[in-house]
Amino acid sequence: MAAKKKQTVLSTLIGIVVVLTFLWSRYQEASDGQGLGLSQLVEAEVLGDTLSASPSAPQGGPTLRQVQLLSTHYQVWDDCVMVDHRGNDGDSFHIQAPHGREEVRIYYVDAPESAARSYRDGNTNHLRIAQQGAAMGGLDQAETTRVGLKAKAFVKQLLDGKRFQIVTSGERVYSSHRKYAFVIVDWNGQLHYLHELLVMQGLGRIHTKPAYLPDNTTASEQKKHLKNLEAYAKNMRYGAWSLSAK
C-alpha cells in the first residue's frame, strides 16, 4: 500500500515537472529579446483565441477600401506567408516572399508596443508606449501594452498559415533592412488593407509613414478615410477604445 502511494506521489510530481518545463520553454521562447512576462504570454494566447471581429461593411459606418492594384510605382509580391519570429508585432513582421525572406513595416498605422522593455544601452520604449496610450484614449502603460498584445494576436490570426499579398516600393525604414509595405489580406471573403483593419478594430493609431495607395488614392485622402474608421472604432468601443474614457 505504501509503495503504491509512493508511486502515485512520484507520478504526480513528474507530471507537475513536465507542465512547468513546458510553460517555462514557452516563456523563454516568447520573452527572448521581447521582455514579455509569463502573464503577458498567457494573455496574448487567450486574446488570439477570443478576438471578436467587426464587420467589413458596418451598418451606418465607413466601409473598407476595395483593393485595386493600378500604380506601376509598386512591386507586388504574391503568395507571401508569415514567418514565425520573436520580433513579429502588430505592425511589423517577417515574411517569406517568392524571392526570399523579408521583414515589412506597414504604412500609416502604429500598433502599440506589446511589452515595456529596457535595453542594454540604458534606453527604454516607455516614452513611445506613453505616446501610443495618449493617442488611443489616454491609456496607461499596462492598458497600452495589452492592446499591443491584442494587435499582435489579431495580425497572427489573420496571416498565420495563409497566403497574402505585399505591395511595396522597396523603401526602407530608417535605412534598416525592413521595408514599408501595404499588406493585403482576405477579410470576410474580400481583399482589404491590413492597416485599415487595425484602425477599425481599435488596435493601432494613425501614425508613421503615409503613402499614396496602389489605386493612386492620395495620402491626404487616405488619412481622412482612416479618421472615419477610427471614429467608428471609438463609437463602437473596439480595442483600445473599450478601455479609454472609463
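Read-outs throughout are calculated quantities, based only on the coordinates presented, and are distinct from any laboratory measurement. This one's a predicted model, so the numbers in the text were calculated from it and none came from an experiment. With ideal geometry, Cβ positions are generated from the backbone for all residues, glycine too; neighbour counts draw on all protein chains shown.
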Kirkwood Rh, Cα atoms: Rg over Rh of the range 32-242: 0.94
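For Met136, Met200, which order do you get if you count the other beta carbons within 10 Å of each Cβ and list the fewest first?
Values: Met136 25, Met200 29.
If I rank by nearby Cβ atoms, fewest first, I get Met136, Met200.
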Fewest-first ranking of Leu158, Leu194, using other Cβ atoms within 10 Å as the exposure measure: Leu158, Leu194
Whole-number percent relative contact order across the range 166-224, with pairs defined as alpha carbons under 8 Å at least 6 apart: 19
Three-way shape call for the range 90-215 based on the alpha-carbon gyration tensor, with the a/c threshold at 1.5: prolate
The range 112-183 shape via C-alpha gyration tensor axes, a/c threshold 1.5: oblate
